[in-house]
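The values are calculated or read from the model by the stated rules, or taken from the named source; none is laboratory data. Computed from a predicted model, the values in this text were never measured in an experiment. Positions of Cβ are generated from backbone atoms using ideal geometry, with glycine treated the same way; all protein chains shown enter the neighbour counts. Heads up: the accessible areas ignore ligands, DNA and RNA and are worked out on the full protein's heavy atoms, side chains in. Shrake-Rupley method; radii C 1.70, N 1.55, O 1.52, S 1.80 Å.
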Amino acid sequence: MSAEFDHEQVAIRTGLRSDLPVIVAVHSTKLGQAVGGCRLWRYADWRDGLADALRLSAGMTAKCAVAGLANGGGKTVVAVPESTVLDVALRRKVLEDVADAVASLNGAYATGPDVGTTPQDMAAIGERTAHVFCKPEERGGSGDSSPATALGTLAALRAVRQRLHGTSALTGARLSVVGLGSVGLRLARLLAAEGAELLVSDIDPAKRERTGELGATWVAPDEGLTADVDILVPAALGGTLTKQIVPELRCAAIVGPANNQLATPDVADLLHRRGIFWVPDYVASAGGVINALTMELHHGTAHEARKRVEAIEHTVADLLHAADHQQVTPAQAASQLAQRRLDTAT
Ligand code: PHE
């Protein structure tokens, strides 16, 4: 699959201290400063990290646009080779290299946490650049963004539940949460507290210990993906929804916080043809960035931020409605909305 290159700029450098590839992709600043987290992850080939940065940063542009934020999209990926041991000392070097790469963009881009990084890491980056979100609260940031991402996904789930069953309560809904990382686990807890019937899975068998606390049933990740449930909740790394898996799916809808859920864009149409609602990942997962920007850029209160995150329910309801009305997929409706907002930017 090839696509046109439409990023404003991409900086790829070998970190001075870490000697690792540091990739910062700025997709768009049309709506404002590009924002997007820093992914510190293992890749067999650094080019896979580059591909991730390109797709994830474009996703952030759409995420911010649909969420109504005055920001664009970017992403940082540090591609750690599989053989490299990322100890405390190397991690520190990586974060300093990331900070320098972010600083070199002179404010076009600000970073934040993502898979593999924490608020403490943001504090370390913050020692060298002001362009960083989600430092711990005691260091002047809005802290961990995962609770807000989980809450925003819950809001998206409510809109879909309403659409499927005429109620926004998730009590009694059957869901399969695939991935119990920092967002997946929090979301599963919120769902369990509301009385949802949960299947949970993770590639890490140690996560199985969590099933008791959640009152959930543990399944293998591939079983979780194709389970007979109301809603499938992808909460692991991206690319799980492939062309091959679509015929195997037994859910009525797919709504989750994972970024880049579709292996290829055409999967959205295949899902639609099977009558499965897919809420675009960048719509359902916007809670973290909405929370951080509302508090840190717009100086809103935690309560205001929460309200904005919960408004994802209305955004999703509107998109499902628009999709019906215009006879398009929710994915098309969302990308049209993002495009309209980008087109009207001055
Ligand atoms: N990881 C977050 C996302 O994918 C990015 C983020 C950036 C979160 C800035 C908070 C602040 O949306």
Projected area of segment 1-109, taken from the Cα convex hull and averaged over every viewing direction, in nm²?
-> 6.9
Backbone N under 15 Å from the Leu16 label point (7 Å along Cα→Cβ), restricted to segment 57-95 | 93-95
Please report, to two decimal places, log10 I(q)/I(0) for the chain at q = 0.09, 0.12, 0.15 Å⁻¹ as given by the Debye formula with identical point scatterers on the Cα atoms and no solvent.
-> -0.45, -0.82, -1.32
How many percent of all Cα-Cα pairs in segment 67-158 sit more than 21 Å apart?
-> 38
Euclidean distance between Cα centres, segment 153-191 to segment 1-34, Å | 33
Amide H proximity to Ser28 below 5 Å, modelled H, separation 5+ or other chain, gives Glu8, Gly73
Non-local amide H neighbours of Leu199 (under 5 Å, H modeled in plane, Pro and chain starts lacking H): which ones?
-> Leu175, Ser176, Val177, Thr217
Quick one: go through segment 55-78 and flag any residue whose amide nitrogen is under 20 Å from the point 7 Å out along the Cα-to-Cβ line of Thr264.
-> 55-56, 59
Expressed to two decimals, segment 157-207 has a Cα Rg over Rh, using the Kirkwood radius, of 1.02
May I ask for the distance between the Cα centers of segment 48-91 and segment 280-339, given as a whole number of Å?
-> 20
When all C-alpha to C-alpha distances in segment 266-306 are sorted into bins of 10 Å, what percent of pairs does each bin hold, rounded to whole numbers?
-> 27, 30, 20, 21, 2
Restricted to the chain, the DSSP antiparallel beta bridge percent, nearest 5, is 30
Go through Lys63/Lys307; Lys207/Lys307; Lys75/Lys243; Lys75/Lys135 and tell me which ones have a Cα-Cα distance over 20 Å in this structure.
-> Lys207/Lys307; Lys75/Lys243
Can you pull the percent of segment 160-211's accessible area that's carbon plus sulfur, 1.4 Å probe, other chains left in place?
-> 49
Efficiency of FRET between Arg274 and Asp87 - r from beta-carbon atoms, R0 51 angstrom, step 0.05 | 0.65
Segment 118-171: GluC sites (Glu not before Pro) in DSSP loop, at most 16 other beta carbons within 10 Å | Glu127
Residue-averaged 222 nm ellipticity for the chain, from DSSP H runs of 4+ at -39500 (n - 2.57), nearest 500 | -13000 deg cm²/dmol
Kindly write out, for segment 93-102 in residue order, the coupling ³J(HN,Hα) from the Karplus curve 6.51 cos²θ - 1.76 cosθ + 1.60 (θ = phi - 60°), rounded to whole Hz, with x marking Gly and Pro.
-> 5, 4, 5, 5, 5, 4, 4, 5, 5, 5
Taking the Cα-to-Cβ direction at Thr171 and at Thr242 and moving 7 Å from each Cα, how far apart do the two end points lie in nm?
-> 4.1
Once the Cα gyration tensor of segment 51-92 is diagonalised, what are the square roots of 5 times its eigenvalues, in whole Å and ordered largest first, as equivalent ellipsoid semi-axes?
-> 30, 12, 6
Segment 104-220 shape via C-alpha gyration tensor axes, a/c threshold 1.5 = prolate
Surface accessible to a 1.4 Å probe, per residue, for the residues of the chain, Å² = 43
Honestly segment 267-346 on the Cα gyration tensor test (a ≥ b ≥ c root eigenvalues; a/c under 1.5 rounded, otherwise a/b vs b/c for prolate or oblate) is just prolate
Along each principal axis, Cα extent of segment 202-346, largest first, Å = 47, 37, 21
How high is the relative contact order of segment 84-170, given as a whole-number percent (alpha carbon pairs under 8 Å, six or more residues apart)?
-> 19
